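Structure, as structure tokens:
The values are calculated or read from the model by the stated rules, or taken from the named source; none is laboratory data. Just so it is clear, the model here is predicted, and its values are computed rather than measured. Here the Cβ positions follow ideal geometry from the backbone for every residue, glycine too, while neighbour counts run over all protein chains shown. Note: accessible area is taken over every heavy atom of the protein model, side chains too, but ligands, DNA and RNA are not part of it. Shrake-Rupley method; radii C 1.70, N 1.55, O 1.52, S 1.80 Å.
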Amino acid sequence: RSSTIILDEAHERTLAIDILMGLLKNVAKQRPNLKLIVMSAMLDALKFQKYFGLRADKPAPLFKVPDRDHSIEVFYAEEPEPDYVEAAIRTVIGLRDLGTS
């Protein structure tokens, strides 16, 4: 039996995710020792905290992790790639090699 379930990118609301969250809430009510971790950088945290509270008077715990900015570089292909999978593999290998020098 699992002791912890992590649902990441919870802000990506689809019918399947909404059904999954409903099922997970029901399971959490039946298994008080189950830890359900819902993560997202962009979700309405207070709404989810209230929804996943197992009692109406007690919302679920909320942990906020400070975010950090990371600089990025964007590279574009000079010409269209005939095989984008091969191009992606070459790019990843090139990035890996940059990190080891």
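Being over 17 Å from the mean Cα position of the chain (by Cα), open to solvent by less than 80 Å² (accessible area, probe 1.4 Å) and not charged (D, E, K, R) is true of Ala28.
Each row is one residue, and each column tells you yes or no for (1) under 12 Å from Leu7 (Cβ atoms); (2) β-branched (Val, Ile, Thr); (3) free of Cβ contacts under 8 Å to residues at least 60 places away in the same chain; (4) touching a Gly at 6+ places or on another chain (Cβ under 7 Å).
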| residue | (1), (2), (3), (4) |
| --- | --- |
| Lys25 | yes, no, yes, no |
| Pro32 | no, no, yes, no |
| Val38 | yes, yes, yes, no |
| Phe52 | yes, no, yes, no |
| Asp57 | no, no, yes, no |
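Within the stretch 59-71, residues that are over 13 Å from Met39 (Cβ atoms) sit with their Cβ atoms under 7 Å from residues that are charged (D, E, K, R), at 6+ positions apart or across chains, in these pairs: Pro59/Lys50. Among the residues of the stretch 42-80, those identified as under 22 Å from Leu20 (Cα atoms), assigned to a loop (DSSP other than H, G, I, E, B) and open to solvent by 100 Å² or more (accessible area, probe 1.4 Å) are Met42, Ala56, Pro61, Phe63.
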